[in-house]
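To start, the structure under review is shown below, and the notes come after it.
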């Protein structure tokens, strides 16, 4: 009996240790390779002093409407190079940043959008000042969308586009585990990872809920999901959409996985995005 209890204790400790190692891997930084310097590159300081690499494309005037582009986990601002150039040719200023721990920004742990919300806010307010108060839309992919909603609350965007954004952290972790182990084990293993958020980033997993935070955003909203997304299934995308109180639109990319929906650049996607943005953010006249 005693040997069984000791063995059980050892197994529990091993399980906790293994889950801690997995948690460390999930929150590790994602630095990117050095890229050739561009005259459009700059650095923005986040509220806590983190240095953010950014790329800014000015519009035709100093009061041009603008679009802030926020990348997914493991990505960087350069994932938006083609889209930013395309939007810029249509009269919009654009700003894309590397979140902390990503690309060429200051190395830092990944925090599911919580600390990254400071980066999103710093970039948004920089762009708003740069455009002298002109309207600013935000396109947030997965992590980028969560960062636009968490922290001190939703960004005061004049229009918000969310792609592949999780609704609740615990469910998001459970979905990811289930793709490997199946639904049953995922329910057992998820708490071992979810509750690491408290010692790692100082927040309970329940605080990391974009679906709860979106209720405070009343501006125009476009929610985009993947028809075959197993990390953020269509039902959860619909729940996020339903929680938003303002004018909104829902669009699914047929057959798109999570990876695909956070890397969309199809003609149908561009048409949907541009129509939504142009309706709400007409381009400004040239500078005086």
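The values are calculated or read from the model by the stated rules, or taken from the named source; none is laboratory data. For clarity, every value in this text was computed on a predicted model and none was experimentally measured. Counting neighbours? That spans all protein chains shown, and the Cβs are built from the backbone with ideal geometry, glycine included.
Residue by residue, here is whether (1) surrounded by fewer than 22 Cβ atoms within 10 Å (Cβ to Cβ); (2) more than 23 Å from residue 49 (Cβ to Cβ) holds:
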position	(1), (2)
105	no, no
121	yes, no
125	yes, no
139	no, yes
163	no, yes
168	yes, yes
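Yes or no: the stretch 179-197 includes at least one residue that is out of contact with any helix residue (DSSP H, G or I) (no Cβ under 9 Å at 6 or more places or on another chain), surrounded by 16 or more Cβ atoms within 10 Å (Cβ to Cβ) and either more than 24 Å from residue 255 (Cβ to Cβ) or assigned by TED's automatic domain parsing to the domain that holds residue 139 (or both).
No, the stretch 179-197 has no match at all.
What's the number of the condition residue 237 fails, among (1) surrounded by fewer than 20 Cβ atoms within 10 Å (Cβ to Cβ); (2) assigned by TED's automatic domain parsing to the domain that holds residue 67?
Just one mismatch for residue 237, condition (1).
Looking only at the stretch 208-221, decide whether some residue is surrounded by 15 or more Cβ atoms within 10 Å (Cβ to Cβ), closer than 17 Å to residue 272 by Cβ and touching a helix residue (DSSP H, G or I) at 6+ places or on another chain (Cβ under 7 Å).
From the stretch 208-221, those surrounded by 15 or more Cβ atoms within 10 Å (Cβ to Cβ) are 208-214, 217, 219-221; that's our starting set.
After this cut, where a residue has to be closer than 17 Å to residue 272 by Cβ as well, the list is 220-221.
Add one more test, that the residue is touching a helix residue (DSSP H, G or I) at 6+ places or on another chain (Cβ under 7 Å), and what stays is 220.
Within the stretch 208-221, one or more residues are surrounded by 15 or more Cβ atoms within 10 Å (Cβ to Cβ), closer than 17 Å to residue 272 by Cβ and touching a helix residue (DSSP H, G or I) at 6+ places or on another chain (Cβ under 7 Å).
For the list (1) more than 21 Å from the chain's Cα centre (by Cα); (2) under 24 Å from residue 269 (Cβ atoms), I need the number of the one condition that residue 63 fails.
In the conditions (1) more than 21 Å from the chain's Cα centre (by Cα); (2) under 24 Å from residue 269 (Cβ atoms), residue 63 misses (2) alone.
If a residue has to be surrounded by fewer than 16 Cβ atoms within 10 Å (Cβ to Cβ) and in a loop (DSSP other than H, G, I, E, B) to count, how many in the stretch 268-283 make the cut?
Number satisfying all stated conditions: 1.
Looking at 54, 82, can you tell me which residue is surrounded by 20 or more Cβ atoms within 10 Å (Cβ to Cβ) and under 25 Å from residue 261 (Cα atoms)?
Details: 82 fails: surrounded by 20 or more Cβ atoms within 10 Å (Cβ to Cβ).
Answer to the check: 54.
Answer with yes or no whether residue 211 is part of a helix (DSSP H, G or I), modelled with pLDDT of 90 or more and within 29 Å of residue 246 (Cβ to Cβ).
Numbers: part of a helix (DSSP H, G or I): yes; modelled with pLDDT of 90 or more: yes; within 29 Å of residue 246 (Cβ to Cβ): yes.
So residue 211 passes the test.
Of everything in the stretch 240-253, what is assigned to a loop (DSSP other than H, G, I, E, B) and either outside the structural domain of residue 268 (by TED's automatic domain parsing) or at pLDDT 95 or above (or both)? Give them in sequence order. Working first, answer last.
Step one: of the stretch 240-253, the residues assigned to a loop (DSSP other than H, G, I, E, B) are 244-247.
Residues satisfying the conditions are 244, 245, 247.
Would it be correct to say that residue 72 is more than 25 Å from residue 148 (Cβ to Cβ), at pLDDT 90 or above and assigned by TED's automatic domain parsing to the domain that holds residue 101? Before the answer, list the steps.
On the way: more than 25 Å from residue 148 (Cβ to Cβ): no; at pLDDT 90 or above: yes; assigned by TED's automatic domain parsing to the domain that holds residue 101: yes.
No; evaluated as a whole, the condition is false for this residue.
Hey, could you check the stretch 36-58 for residues that are at pLDDT below 95 and in contact with a helix residue (DSSP H, G or I) (Cβ under 7 Å, 6 or more places away or on another chain) and say which is farthest from residue 277 (Cα to Cα)?
48
Could you pull out the residue among 23, 32 that is modelled with pLDDT under 95, in contact with a strand residue (DSSP E or B) (Cβ under 8 Å, 6 or more places away or on another chain), surrounded by 15 or more Cβ atoms within 10 Å (Cβ to Cβ) and not assigned by TED's automatic domain parsing to the domain that holds residue 95? Full working, then the answer.
Numbers: 23 fails: in contact with a strand residue (DSSP E or B) (Cβ under 8 Å, 6 or more places away or on another chain).
That would be 32, the only listed residue that is modelled with pLDDT under 95, in contact with a strand residue (DSSP E or B) (Cβ under 8 Å, 6 or more places away or on another chain), surrounded by 15 or more Cβ atoms within 10 Å (Cβ to Cβ) and not assigned by TED's automatic domain parsing to the domain that holds residue 95.
Given the structure, is residue 217 under 16 Å from residue 155 (Cβ atoms), in contact (Cβ under 8 Å) with a residue 40 or more places away in the chain and assigned by TED's automatic domain parsing to the domain that holds residue 268?
Working: under 16 Å from residue 155 (Cβ atoms): yes; in contact (Cβ under 8 Å) with a residue 40 or more places away in the chain: yes; assigned by TED's automatic domain parsing to the domain that holds residue 268: yes.
Here the answer is yes, as residue 217 does meet what is asked.
Out of all the residues in the stretch 85-103, is one or more part of a helix (DSSP H, G or I), out of contact with any helix residue (DSSP H, G or I) (no Cβ under 7 Å at 6 or more places or on another chain) and within 27 Å of residue 240 (Cα to Cα)?
Yes.
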